[in-house]
Amino acid sequence: DTAVSQTPKYLVTQMGNDKSIKCEQNLGHDTMYWYKQDSKKFLKIMFSYNNKELIINETVPNRFSPKSPDKAHLNLHINSLELGDSAVYFCASAGASNQPQHFGDGTRLSIL
Amino acid sequence: AQTVTQSQPEMSVQEAETVTLSCTYDTSESNYYLFWYKQPPSRQMILVIRQEAYKQQNATENRFSVNFQKAAKSFSLKISDSQLGDTAMYFCALYSGGGADGLTFGKGTHLIIQP
């Protein structure tokens, strides 16, 4: 009964491909997020999504797009993958923006 | 823009010792929240402790406590009676709304507990 689950845990693919990472939370939270953790362990917010309102970090390329079929899911689609996209991607959720965020276990994306 | 700075990339202490991790932050908001997260080698992100800026009392959770100095914009984490399982990356994080509306993280401190 994992609270925030991401699939897959590891994703290895070639440059130029399109891939998706799925995220589901069973906590009944209203807000979900995607973060990117680079090779130096630095975590940076990519998106937040609350009640159909999407807030995008302006530094995120438009090749990245979050899609939310319902309140419990926020999937991440990445088009035309580049070498620099290699990182660990974390999904998180919270009851409200100022509440502690619960993180998934991360997806390590490796671009060959 | 808000920033979080952790000035200690790595620290190492003996088991059972007390260790303090530093964090300073900057935000123009008057209402904000501060967090410490732990990331062990398993890669999970685990909430350690949370502090609301409007509360003067320092938060504590068992062996973990913070020293919140609002005027100095400082939020340090103290770990008492350190244990081998405390070995991890520790991230200080700030939420103050605006921007992408998520947490702003520091670069982390790698804490190593030696037996």
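The values are calculated or read from the model by the stated rules, or taken from the named source; none is laboratory data. Quick caveat: nothing in here was measured; it's all calculated off a predicted structure. Quick reminder, even Gly has a Cβ in these numbers, built from the backbone with ideal geometry, and neighbours come from all protein chains shown. Please note that ligands, DNA and RNA were not included when accessible areas were found on the heavy atoms of the full protein model with its side chains. Shrake-Rupley method; radii C 1.70, N 1.55, O 1.52, S 1.80 Å.
Which numbered condition trips up B:Ile79, out of (1) under 11 Å from the mean Cα position of the chain (by Cα); (2) farther than 28 Å from A:Thr59 by Cβ; (3) open to solvent by 10 Å² or more (accessible area, probe 1.4 Å)?
Every listed condition holds for B:Ile79 apart from (3).
For A:Ile111, work out the one condition from (1) closer than 13 Å to A:Tyr35 by Cβ; (2) open to solvent by less than 30 Å² (accessible area, probe 1.4 Å) it doesn't fulfil.
Failed condition: (1).
Looking only at the range B:90-103, decide whether some residue is farther than 22 Å from A:Gly106 by Cβ, outside any loop (DSSP other than H, G, I, E, B), modelled with pLDDT under 95 and open to solvent by less than 70 Å² (accessible area, probe 1.4 Å).
No, the conditions are met nowhere in the range B:90-103.
Identify, please: which residue in the range B:77-89 is more than 9 Å from every other protein chain (Cβ to nearest Cβ) and not in a loop (DSSP other than H, G, I, E, B) and is, among those, nearest to B:Thr3 (Cα to Cα)?
Filtering the range B:77-89 for residues that are more than 9 Å from every other protein chain (Cβ to nearest Cβ) and not in a loop (DSSP other than H, G, I, E, B), the one nearest to B:Thr3 (Cα to Cα) comes out as B:Leu77.
Between a first residue in the range B:95-109 that is facing chain A (nearest Cβ under 7 Å) and a second residue that is at pLDDT 90 or above and in a loop (DSSP other than H, G, I, E, B), which pairs have beta carbons less than 7 Å apart while being 6 or more apart in sequence or on different chains?
Pairs that qualify, where the first residue is facing chain A (nearest Cβ under 7 Å) and the partner is at pLDDT 90 or above and in a loop (DSSP other than H, G, I, E, B), are B:Tyr95/B:Tyr32; B:Tyr95/B:Leu103; B:Leu103/A:Gln101; B:Lys107/A:Phe42; B:Lys107/B:Gln6; B:Gly108/A:Lys41; B:Gly108/B:Gln6.
Going by the structure shown, is B:Arg50 surrounded by fewer than 20 Cβ atoms within 10 Å (Cβ to Cβ), within 14 Å of another protein chain (Cβ to nearest Cβ), touching an Asp or Glu at 6+ places or on another chain (Cβ under 9 Å) and in a loop (DSSP other than H, G, I, E, B)?
In short, no.
Counting just the residues of the range B:20-33 that are buried (at least 20 other Cβ atoms within 10 Å of the Cβ) and modelled with pLDDT of 95 or more, which one comes out farthest from B:Asp101 (Cα to Cα)?
Of everything passing the filter in the range B:20-33, B:Leu21 is farthest from B:Asp101 (Cα to Cα).
Could you tell me which of the residues A:Leu27, A:Leu43, A:Leu11 is closer than 17 Å to A:Thr107 by Cβ, more than 9 Å from chain B (Cβ to nearest Cβ) and either among the aliphatic types (A, V, I, L, M) or within 14 Å of the chain's Cα centre (by Cα) (or both)?
Among A:Leu27, A:Leu43, A:Leu11, only A:Leu11 is closer than 17 Å to A:Thr107 by Cβ, more than 9 Å from chain B (Cβ to nearest Cβ) and either among the aliphatic types (A, V, I, L, M) or within 14 Å of the chain's Cα centre (by Cα) (or both).
If only one of B:Ser22, B:Ser28, B:Ser12 is more than 13 Å from chain A (Cβ to nearest Cβ), farther than 19 Å from B:Ser65 by Cα and not basic (Lys, Arg), which one is it?
Selected residue: B:Ser28, the only one of B:Ser22, B:Ser28, B:Ser12 that is more than 13 Å from chain A (Cβ to nearest Cβ), farther than 19 Å from B:Ser65 by Cα and not basic (Lys, Arg).
Among the residues of the range A:47-86, how many are in contact with a strand residue (DSSP E or B) (Cβ under 9 Å, 6 or more places away or on another chain), surrounded by fewer than 20 Cβ atoms within 10 Å (Cβ to Cβ) and in a strand (DSSP E or B)?
10
Hey, any hits in the range B:6-25 for a residue that's among the aromatic types (Phe, Trp, Tyr) and in contact with a Lys or Arg (Cβ under 8 Å, 6 or more places away or on another chain)?
Checked against the condition, which is being among the aromatic types (Phe, Trp, Tyr) and in contact with a Lys or Arg (Cβ under 8 Å, 6 or more places away or on another chain), the range B:6-25 yields at least one hit.
Inside the range A:1-35, can you point out the residues that are part of a strand (DSSP E or B), open to solvent by 10 Å² or more (accessible area, probe 1.4 Å) and among the hydrophobic types (A, V, I, L, M, F, W, C)?
Within the range A:1-35, A:Leu11, A:Val12 meet the criteria.
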